[in-house]
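Trainee: Here you go, one structure.
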Amino acid sequence: MGHKKKAAAVVASGKVRKNHCRCHHHKHHGHLLSLLALGALAAAIHKELSKPAHSREWHGHVAGVVPYDLRVPTVDKIKDRVLNPDGPVIVPTTFGVGWDANLGRIAKEVRSYSESRNGDTEGTE
């Protein structure tokens, strides 16, 4: 019996062991990412509070790499960052620490890909 059939038989029998196939490692990765994000947020807040009140901008980069923006997002900023079909796919976060996906660009790319696939298959039917 092949590996896939054995795995299917184990699942079907209901005798799946907890953490089968070392899947428990993925849980730890999630915790690590959460801790890193929390640490970056704490660093961003500390960076801003270390400045004189009149010099605080509430946006910048942690360690010169990770973007942060702790200002209240405006409708225009949201449109520009995450709904912009002509912007990059990955953009600095609209609020918080890290990056956001530009859904406008992703939708444009999916439409373009879909149209090109439909155009390629029209003459073959």
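Quick note: the coordinates plus some simple rules give every number you see, no bench work behind them. Only a predicted model underlies this, so the values are computations on that prediction, with no experimental measurement involved. FYI the Cβ positions are ideal-geometry reconstructions off the backbone, even for glycines, and counts take in every protein chain you see.
Trainee: For segment 78-101, how many residues meet the condition of being free of Cβ contacts under 8 Å to residues at least 40 places away in the same chain and either under 17 Å from residue 36 (Cα atoms) or in contact with a Lys or Arg (Cβ under 8 Å, 6 or more places away or on another chain) (or both)? Spell out how you get there, then give the answer.
Mentor: Step one: filter segment 78-101 for residues free of Cβ contacts under 8 Å to residues at least 40 places away in the same chain, giving 78-95, 99-101.
The next check asks that each one be either under 17 Å from residue 36 (Cα atoms) or in contact with a Lys or Arg (Cβ under 8 Å, 6 or more places away or on another chain) (or both); those that pass are 84-89, 91-95, 99-100.
Residues flagged as free of Cβ contacts under 8 Å to residues at least 40 places away in the same chain and either under 17 Å from residue 36 (Cα atoms) or in contact with a Lys or Arg (Cβ under 8 Å, 6 or more places away or on another chain) (or both) within segment 78-101 amount to 13.
Trainee: Consider segment 95-108. How many of its residues are surrounded by 13 or more Cβ atoms within 10 Å (Cβ to Cβ) and either part of a helix (DSSP H, G or I) or more than 14 Å from the chain's Cα centre (by Cα) (or both)?
Mentor: So the count comes out to 5.
Trainee: On to the next question. Being of a type outside the set (S, T, N, Q) and touching a strand residue (DSSP E or B) at 6+ places or on another chain (Cβ under 9 Å) is the filter here, so list the residues in segment 62-86 that pass it.
Mentor: Scanning segment 62-86 gives 62, 66, 67, 68, 69, 70, 71, 77, 80, 81, 82.
Trainee: Could you please find all residues in segment 44-56 being in contact (Cβ under 8 Å) with a residue 12 or more places away in the chain and either loosely packed, with under 12 Cβ neighbours inside 10 Å or under 20 Å from the mean Cα position of the chain (by Cα) (or both)?
Mentor: 44
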